Structures are given as structure tokens and as C-alpha cells.
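This report refers to the structure that appears directly beneath it.
The values are calculated or read from the model by the stated rules, or taken from the named source; none is laboratory data. Not measured: the values here are computed from a predicted model. Here the Cβ positions follow ideal geometry from the backbone for every residue, glycine too, while neighbour counts run over all protein chains shown. For the accessible areas, the whole protein counts, side chains as well, though only heavy atoms, and no ligand, DNA or RNA atoms are used. Shrake-Rupley method; radii C 1.70, N 1.55, O 1.52, S 1.80 Å.
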Amino acid sequence: QSFQPNTLTSTTIDGEFLEPERGEQFELGVKANLLDGRLTANLAYFDIALTNVAESDPDNPGFVVPIGRQRSRGIEVGITGEILSGWNLVAGVSLLDTRIEESSRFGEGNGVRNVPDVTANLWTSYEIQSGSLVGLGFGLGLFFVGDRPGDAANTFTLNEYLRTDAAIYYNRNNFRVGLNFRNIFDVNYFEGSVDRRGVAPGDPFTVVGSV
């Protein structure tokens, strides 16, 4: 069970504070070791019900209205570990069904804002283990986010996207230097939204260096 006070800046058009958000979650999972323990796999099913969720007021910008009840059901699968010496893998898939069940302002059965039906991620990296280039590593990642509602009224949709990231680094003793490349194909996409008045675009092709 969960309890989350709605922030003091989130008031209705009448200046009233919302009651706290409450949640109830059930989860069932299994875990397995694969390839002689080099990989760990997780499978989980969950059912989460939230009540009194603060949502942007479609008629009054800057104010909120409560969603009486919304429910999220889904399955998550994840795999992590070292396939071979120096070769690491992190992968996951989530299949979600999220709906508004009770609301005086939004349609019952509407999808929940910013929550896609499908997300998936894959990150793999390899670090050279011997020779003159020991410590030199490379990484490549794919991140998929499916279509999702842009607002609680479901008046528009944020399109699915596939972002590709990469990295190159050198790791030796207590020293590490690296370059991370985000969105290497410069895909146009949206991270999320509050409503039609507030939609956040994703970062363009970005390079970050670190020492």
C-alpha cells in the first residue's frame, strides 16, 4: 500500500487542496539464473490501483482535478548479466494496460497520460580484457517507447519512438574517460506531456564527455 500527499501547489480552481493519493499494489514474480549464473532473468506481473490522482485541469491551466481511480496492470521481463568475459547485457520489455476507472472529468476507460502499452530497452557493452588495449570499451543501446496518450482526456497521442545511444570509454585502475552519444540518429520525439499546453521534446543528438 502507498500514501502520497498531493503537493501544496496543486490546487483546484476553487483553491482547495486535493486529498492524498493512495495506492494498492499486488505483484507476483519469478527469477532465474541462466548460462551457469552469468545471466539473471526476472518475470513479474503487477496490478496497481491508485485513487485521488492529481491531473491537469483541462479547462483551467495551472490547476488540477482529481482522478477518482486509475489502474495499471502489466508484465515486465528483464535480463541482466555478463554473457562472456567483458560482454555485458541489460534488456527489458514491459507490456502495460493502464486505464482510468473512475472520474467525473475524464472518460472512464481512457488511457493514462504518458503511459505507453509497450516499452523495451537493450544495452550491451564490451570491454577488452587483455592486450595493449585492455580497458577499452564500447556500448550500444536501443530504447523503444510506444504510443501513449498526451492527456487524460485522450484528445491527442504522443507517437512511438526508437532512440539509439552509444558509448566509448577507457577504464584502467582508478581512471576512466568516456564519451556517451545519445540519440545518435537525431530522431525527433517527445519525452512526455502535461497537456496540450506542455509537451516536452526529447533531446537531439547529444555528446557527453566525462573523466
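The set of residues in the stretch 97-142 being within 12 Å of Gln70 (Cα to Cα) and among the hydroxyl-bearing types (Ser, Thr, Tyr) consists of Thr98, Ser103. Remark: pairs (first residue in the stretch 124-143, within 15 Å of Phe175 (Cβ to Cβ); second residue in a strand (DSSP E or B) and of a type in the set (Lys, Arg); Cβ separation under 7 Å; 6+ apart in sequence or on different chains) = Gly135/Arg172.
Set side by side, the residues Val65, Val30, Val77 differ, and just one is out of contact with any Leu (no Cβ under 7 Å at 6 or more places or on another chain), in a strand (DSSP E or B) and β-branched (Val, Ile, Thr), which is Val65. For the stretch 82-93, the criterion of being touching an Asp or Glu at 6+ places or on another chain (Cβ under 8 Å) and of a type in the set (S, T, N, Q) is met by at least one residue.
Figure legend. Inter-residue proximity from the stretch 189-211: first residues among the aromatic types (Phe, Trp, Tyr), second residues loosely packed, with under 15 Cβ neighbours inside 10 Å and assigned to a strand (DSSP E or B), beta-carbon distance below 8 Å, spacing 6+ or different chains. Indicated pairs: Tyr189/Pro201; Phe190/Ala200; Phe190/Pro201. Within the stretch 108-118, the set of residues being among the small types (Gly, Ala, Ser) and open to solvent by less than 20 Å² (accessible area, probe 1.4 Å) comprises Gly111 only. Taken over the stretch 60-70, the residue count meeting the criterion of being open to solvent by 60 Å² or more (accessible area, probe 1.4 Å) and in contact (Cβ under 8 Å) with a residue 40 or more places away in the chain is 2. In the set (1) under 21 Å from the mean Cα position of the chain (by Cα); (2) of a type outside the set (S, T, N, Q); (3) under 21 Å from Ser193 (Cα atoms), the condition left unmet by Gly81 is number (3).
Considering each of Arg73, Arg105 in turn, give the residue that is surrounded by 15 or more Cβ atoms within 10 Å (Cβ to Cβ), in contact with a strand residue (DSSP E or B) (Cβ under 6 Å, 6 or more places away or on another chain) and within 25 Å of Arg196 (Cβ to Cβ).
Working: Arg73 fails: within 25 Å of Arg196 (Cβ to Cβ).
After applying the criteria, what remains is Arg105.
When the residues of the stretch 38-49 are filtered to those that are closer than 14 Å to Leu89 by Cβ and not hydrophobic (A, V, I, L, M, F, W, C), the one that is modelled with the lowest pLDDT is Arg38. Of all residues in the stretch 172-211, which are over 30 Å from Asp151 (Cβ atoms), part of a strand (DSSP E or B), of a type outside the set (Val, Ile, Thr) and open to solvent by 50 Å² or more (accessible area, probe 1.4 Å)? The answer is Arg172, Phe175, Arg176, Leu179, Asn180, Phe181, Gly209, Ser210.
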